[in-house]
Amino acid sequence: MNFKTIFHYISYLQYPLMLIGLYFAFSPYLLGMEILKENPKLIFENFNSVLIFMGLGTSFSSLQDTSKTQNTFSRKIWENPIKGKITIIVMCLTILFSLIFGLTGYFNAQDGILKDLSVGIIVLSLGLFGFLKAAIEMFENHRKDKNTVANNV
């Protein structure tokens, strides 16, 4: 077993991390509306945890094997040069705007819930950076126009 295979197996930690994030997303509502009325900050505190665990899960997903696609939907995107480029551009813009939003909130907010949410947004943005790297590798590995040129030579 080589290091690459070990990292591919480690990438499966993304699923428990995403489930933990999902738990934090629904737990305020499962506690009951009376508790939410008494403590409305609970939603924002849990949302910060959602952002952090989703960011961690996304960063672990970047360790997956980029020579394979997960499903036919992603294969259709990464095989098509136009769809792949558009997807990468949208991912870049999403990361840029969320990172700017998170950093702006972190440096401009006083201590409190907004500053905490900004930390969660920053963690999610950093996780998306790793995911972007994996997406670029998948695009390079699966492009039809690049693969057909390489096969004809």
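The values are calculated or read from the model by the stated rules, or taken from the named source; none is laboratory data. Please read all numbers here as calculations on a predicted model, not as lab measurements. Here Cβ is always computed from backbone atoms with ideal geometry, including for glycine, and neighbour counts include all displayed protein chains. The protein model used for the area step is the full one, side chains on, heavy atoms only, and it has no ligands, DNA or RNA in it. Shrake-Rupley method; radii C 1.70, N 1.55, O 1.52, S 1.80 Å.
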Positive-pole candidate from HIS8, HIS142, THR58, dipole of the chain, charges at beta carbon: HIS142
Hydrodynamic radius by Kirkwood, which averages 1/r over all alpha carbon pairs of segment 63-153, in angstrom: 14.8
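What percentage of the solvent-accessible surface of the chain, computed with a 1.4 Å probe over protein heavy atoms, is contributed by carbon and sulfur atoms?
Values: 6910 of 10050 Å².
On the chain, the fraction of accessible area on carbon and sulfur atoms equals 69 percent.
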The chain, dipole about Cα centre (Lys/Arg Cβ +1, Asp/Glu Cβ -1), debye to the nearest 20: 660
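Tally Lys/Arg at +1 and Asp/Glu at -1 over every other residue whose Cβ is under 13 Å from the Cβ of PHE47; what's the total? Kindly include the intermediate steps, with their values, before the conclusion.
Values: positive: LYS41; negative: GLU45, ASP116.
Taking every other residue near PHE47 into account, the sum is -1.
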Peptides 107-116, 22-31 ordered by average Cβ neighbours within 10 Å, highest first: 22-31, 107-116
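Assign unit charges at the C-beta atoms only (+1 for Lys and Arg, -1 for Asp and Glu), then state the dipole size of segment 1-84 relative to its Cα centre in Debye, rounded to the nearest 20. It would help to have the intermediate numbers written out before the result.
Numbers: 7 positive and 5 negative charges, 80 e Å.
The dipole of segment 1-84 has a size of about 380 debye.
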Residue-normalised accessible area of segment 28-95, given per residue in Å² at a 1.4 Å probe: 63
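Over every pair of different alpha-carbon atoms in segment 29-101, take the mean of 1/r and invert it; report that Kirkwood radius in Å. Write down the numbers at each step before the final one.
Numbers: mean 1/r = 0.0643 Å⁻¹.
Answer for segment 29-101: a Kirkwood hydrodynamic radius of 15.6 Å.
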Between segment 105-144 and segment 63-104, the alpha-carbon center distance in angstrom: 12
Cα principal axis extents for the chain, largest first, Å: 68, 35, 28
Segment 1-64: Cα Rg divided by the 2.2 N^0.38 Å rule of thumb: 1.46
Cα long-axis angle, helix 113-142 against the chain (0 to 90 degrees, to the nearest 10): 10
Contact order relative to length of segment 12-153, as percent, for alpha carbon pairs under 8 angstrom and 6 or more apart: 33
Angle between the chain longest axis and helix 14-31 axis [Cα atoms, degrees, rounded to 10]: 30
Unit charges at the beta carbon, dipole of segment 68-153: most positive-side option, LEU128, THR94, ASN71: ASN71
